[in-house]
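Down below is the structure, laid out as structure tokens.
Just so you know, all these numbers are worked out from the coordinates, no wet-lab data involved. Model, not experiment: these values are computed from the prediction. So basically every Cβ, Gly included, is an ideal-geometry build from the backbone, and we count neighbours across all protein chains shown.
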There are 4 protein chains.
Amino acid sequence: MAATEPVETEMRLSPTGRVEAFSDGVMAIAITLLVLDLKVPPLDAVSPGGLVDALLARWASYVAYLAAFLTIGIIWLNHRTLVDRIARFDARLHWLNLMLLLGVATLPWPTALVAEYVQRGGADASAATALYGLIATLMALPWGFIWRHLADRPELLEPGYDAAYARAEWRRGFIGMPIYAIATVVALVLPLVALALYLGIALLYAVTSQGVAVAPAGATGGAS
Amino acid sequence: MAATEPVETEMRLSPTGRVEAFSDGVMAIAITLLVLDLKVPPLDAVSPGGLVDALLARWASYVAYLAAFLTIGIIWLNHRTLVDRIARFDARLHWLNLMLLLGVATLPWPTALVAEYVQRGGADASAATALYGLIATLMALPWGFIWRHLADRPELLEPGYDAAYARAEWRRGFIGMPIYAIATVVALVLPLVALALYLGIALLYAVTSQGVAVAPAGATGGAS
Amino acid sequence: MAATEPVETEMRLSPTGRVEAFSDGVMAIAITLLVLDLKVPPLDAVSPGGLVDALLARWASYVAYLAAFLTIGIIWLNHRTLVDRIARFDARLHWLNLMLLLGVATLPWPTALVAEYVQRGGADASAATALYGLIATLMALPWGFIWRHLADRPELLEPGYDAAYARAEWRRGFIGMPIYAIATVVALVLPLVALALYLGIALLYAVTSQGVAVAPAGATGGAS
Amino acid sequence: MAATEPVETEMRLSPTGRVEAFSDGVMAIAITLLVLDLKVPPLDAVSPGGLVDALLARWASYVAYLAAFLTIGIIWLNHRTLVDRIARFDARLHWLNLMLLLGVATLPWPTALVAEYVQRGGADASAATALYGLIATLMALPWGFIWRHLADRPELLEPGYDAAYARAEWRRGFIGMPIYAIATVVALVLPLVALALYLGIALLYAVTSQGVAVAPAGATGGAS
């Protein structure tokens, strides 16, 4: 059964496999739909020779695009790690997972608002960036509840993971909430600073996850 | 062959596996495309400082978004359960499944109509919400026909399920139709009440499915 | 290893499995993107109480939607059958498959043209429906070339299928071309008749495929 | 365990399997979203009988569509080959893969710019085609870094591949960069020539990959 001697078997996805497939689908679509926010300036709104200026004027949409792309990318990596720890889904886990996907699927909307309204400044820029922060804050909730449920029902976890592990992840899962909540408050006063924070948080996660979130303390023997 | 000793095999998806993959794809895309209905108010249609008001004025689109998201989410969960019971697909099942996906793929359209026209009130709000209800009513048809076909050909079912089981599901599958049909009639007179009903039905399913639809009477030993 | 005693194995998709996954993805997205052609009439283009009339005026877009949805659905079913017969893909098969997906991914475009321009009548209605027919005609080409290549290299086929089988499918694969070519010519004179033909061809395939294309003469012992 | 005697097993995707699924999803969506760039001329912008002329005037968008479709298709084929060589993903590989997907997911944007602005000529046509070239140039970076990382950590490779193999691929992976860089410079002066180059490069890859990139020197015994 070595990899070089493939054994072909017909199989159906396990219940967990189909949760993965559907979740991967939603996240892949949400991350790819973000590109629609980059917008092509309409031909009649750009005077001849003015395309470069028109593109540069939309710089905030590129920052928002990068921040949202990285955020969904991180969520996908963490989701992968999460589902690896779960042996089977009960009804509550399915619903919490749907709530998690609701957040991911909704993110392109505040991203588009930020892309459109940050340049205007004032109250509208604050409203757009604060809404992005608010939704990012709420997105942390299902993660927390998922781990709390797994702490209550450790028999849903893969062998090698117990209630204590789930409780530790539960605490860890809420770390993101105060960070995004603070950024949301900042957005009300300094929207550009908040936008920089959103990108910064995503980049920070990207760097720290290299050794932490994605491949946590030797749990699966480095098999990720 | 314990989970901690992975055996790597090359395999192709079983026919059922590919139905799952295609169906999951369509449902994941439809549920994620709903976000396009949330709309970003165009920059030139919002006076400076008016973004919050412009967003609040579109409250009905958020209700419609939530109702449609939950509805497709529930359909996905039920589809998962359905396919788990089916050992193989014949041509008629494939076509009935396509009709089911036609309903799911079409749902973003009446959702967008509701999001746009409910605020206007009058005949247009009624038309939009009634169309949503009509399509939701018709979406129940393929479910019923699928179970009726399985009752006629129980050899397509997984071991442990028989014609009597399929007949019981067939009756259960039509429960949703009169509920949505009534909501459609309500929409003609009171569109806002109908919109509340659509969200309410989805939330009700979400609560009741916790112990019923998703993990039905011990059939697979709780393996879902 | 009975279905009721699941053996959980970690596996990677076979090369064929990944072709299936990517192809299913493209087809699932194309079929779901069609809904964007149904269009929501803009609020300011519809006088109060005029939504029902505005929706009825777009009847051609619903016919085009149904025809295109069924057409991609049929292609998916046939693709499933095709890949079931293929043991492995060489580079040429990959490229022919990409050309096949190019046709599927492009179909929403002429569908949108038909939805928009059929009501206008005259030369524009003819141009839109003829373009739909032209692309549907060209879409048959990769199917034919795929089977011709398999006739030349039968070692790529699954056991039980030989060059003679591939040659028979090659001839069968070209049946669609003259039908769509005739409909394209009809479109130049009678666009509404051509539109009816597109829907009719799809429905006809749907009916005849029940016993033919999807479950061909006992080849896999009814395993589909 | 012959292919004609299917063994049905329940399984979960291996970590590599889920990277494939997510990557396939993003690439399938990006390649299918390109169709939105083909645009349907708005009804009120086309005088009666003028649809054919309006469609012909947008010829550049068809060239850009074909070039981008083929480019993403080639990337998918190469990605398939790449992941076949990798036994497991560490955190850095995950991030480099995300950067690769960022490029693919972003490509529909410069494609839409080219489709819209090439016909105008002048500085705007140059800006649009140069931006396409710039993004295509940058897209080669993650490929190079992935192979460099694999050269440093050959234990991540499948059996039969070593650091020397990864170093050779690393050099090969950068071939695309100078070609696209030159095309980008050409775009600044002769945008139409650059557009022809983008299509030509994709077609060239398509032809040469027949025997090279997709099925490289006998590594997996022709199992692709």
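Let me confirm one metric for peptide A:68-78, namely the mean number of other chain beta-carbon atoms within 10 Å of its residues' beta-carbons. Provide the component values of the computation, followed by the final result.
Values: counts 0, 6, 4, 0, 1, 9, 2, 0, 7, 7, 0.
Shielding by partners across A:68-78 averages 3.
If I fit a long axis through the Cα atoms of helix B:191-208 and take the longest principal axis of the Cα atoms of chain B, what angle between them do I get, 0 to 90°, rounded to 10?
30
Considering the dipole of segment B:138-181 built from charges on the beta carbon (Lys and Arg +1, Asp and Glu -1) around the Cα centre, which of B:PRO178, B:LEU156, B:LEU141 is farthest to its positive end?
B:PRO178
Provide an ascending nm list, one decimal, of label-point separations from C:SER47 to the equivalent residue in each further copy; define each label point as 7 Å from Cα along Cα→Cβ.
In ascending order, 2.8, 2.8, 3.9 nm.
From other protein chains only, count the Cβ atoms within 10 Å of every residue's Cβ in B:33-42, then give the mean. Spell out each step's value before the answer.
On the way: counts 8, 3, 11, 6, 2, 6, 4, 13, 4, 1.
Going residue by residue through B:33-42 and averaging, the value is 6.
What is the magnitude of the charge dipole of chain C about its Cα centre, with +1 placed on the Cβ of each Lys and Arg, -1 on the Cβ of each Asp and Glu, and no other charges, expressed in debye to the nearest 20? Walk me through the numbers on the way to the answer.
Details: 14 positive and 17 negative charges, 111 e Å.
Here chain C has a charge dipole of around 540 debye.
Sort A:SER47, D:SER126 so the one with the fewest other Cβ atoms within 10 Å of its own Cβ comes first. The partial results should precede the final answer.
Working: A:SER47 10, D:SER126 22.
Placing the least packed residue first, the sequence is A:SER47, D:SER126.
If we count every other residue with Cβ under 15 angstrom of B:TRP170's Cβ, Lys/Arg +1 and Asp/Glu -1, where does the sum land? Don't skip to the end; give the middle numbers.
Working: positive: B:ARG85, B:ARG92, B:ARG148, B:ARG153, B:ARG167, B:ARG171, B:ARG172; negative: B:ASP152, B:ASP162, B:GLU169.
Net charge in that neighbourhood comes out at +4.
May I ask for the net charge around B:TYR132, where only other residues with Cβ less than 14 Å from the Cβ of B:TYR132 are counted and Lys, Arg are +1 while Asp, Glu are -1? It would help to have the intermediate numbers written out before the result.
Numbers: positive: none; negative: B:ASP37, B:GLU116, B:ASP124.
Around B:TYR132, the charge tally is -3.
From the label point of D:TYR62, set 7 Å from Cα along Cα→Cβ, how far away are the matching label points in the other copies, in nm, ordered shortest to longest?
Output for D:TYR62: 3.3, 3.3, 4.6 nm, nearest copy listed first.
Kindly express, to the nearest 10 degrees and within the range 0 to 90, the angle between helix D:122-152's C-alpha long axis and the longest C-alpha principal axis of chain D.
Once rounded, the angle reads 0 degrees.
If each Cα of chain C is one equal point scatterer, what is log10 of I(q)/I(0) from the Debye formula at q = 0.08, 0.13 Å⁻¹?
Values, matching the q order: -0.36, -0.82.
I'd like the per residue volume of the convex hull spanned by the Cα atoms of segment B:98-150, given in cubic angstrom.
On the way: hull volume 2.7 nm³, N = 53.
Here the figure is 51 Å³ per residue.
Quick query: amide H of B:ILE86 versus all other amide H atoms, modeled in the peptide plane; which residues come in under 5 Å with a sequence gap of 5 or more or a different chain?
B:GLU158
Once Lys and Arg get +1 and Asp and Glu get -1 on their Cβ, which of C:TYR165, B:TRP76, A:LEU199 lies farthest toward the positive end of the dipole of the protein assembly as shown?
A:LEU199
Can you put C:THR208, C:THR137, C:THR111, C:THR71 in order of Cβ neighbours within 10 angstrom, beginning with the fewest? Let's see the in-between values first.
Working: C:THR208 12, C:THR137 19, C:THR111 28, C:THR71 25.
With the fewest neighbours first, C:THR208, C:THR137, C:THR111, C:THR71 line up as C:THR208, C:THR137, C:THR71, C:THR111.
Can you list the equivalent-ellipsoid semi-axes of segment A:107-204, largest first and in whole Å, using the square root of 5 times each Cα gyration tensor eigenvalue?
Semi-axes (√(5λ), whole Å): 34, 11, 10.
I need the semi-axes of the equivalent ellipsoid of segment B:26-109: take the C-alpha gyration tensor, multiply each eigenvalue by 5, square-root it, list largest first in whole angstrom. Display every interim value, and only then the final one.
Numbers: eigenvalues 282, 27, 12 Å².
Taking √(5λ) for each eigenvalue gives 38, 12, 8 Å, largest first.
Between C:LEU190 and the same site in the other copies, what are the distances in nm, shortest first, taking label points 7 Å from Cα along the C-beta direction?
Those label-point separations list as 5.1, 5.1, 7.2 nm.
If you count, for every residue in A:95-102, the Cβ atoms of partner chains within 10 Å of its Cβ, what is the mean?
Working: counts 9, 0, 1, 9, 4, 0, 6, 8.
Mean partner-chain Cβ count within 10 Å for A:95-102: 5.
Could you please report the charge total around A:ALA60, scoring K, R as +1 and D, E as -1 over all other residues with beta-carbon less than 13 angstrom from its beta-carbon? List each step's numbers first, then the result.
Details: positive: A:LYS39, A:ARG58, A:ARG120; negative: A:ASP37, A:GLU116, A:ASP124.
Neighbourhood net charge equals 0.
Tell me, rounded to the nearest percent, the portion of alpha carbon pairs in segment B:50-167 spaced more than 26 Å apart.
Values: 2480 of 6903 pairs.
Result for the distance tail: 36 percent.
Compute the angle between helix B:59-85 and the longest alpha-carbon principal axis of chain B, please, reported from 0 to 90 degrees and rounded to the nearest 10.
So the helix axis and the longest Cα principal axis differ by about 10 degrees.
Sort all Cα-Cα distances of the protein assembly as shown into consecutive 20 angstrom bins from zero, then give the percent of pairs in each bin up to the one containing the longest distance.
Per 20 Å bin, starting at zero, the Cα-Cα P(r) for the protein assembly as shown comes out as 14, 50, 34, 2 percent.
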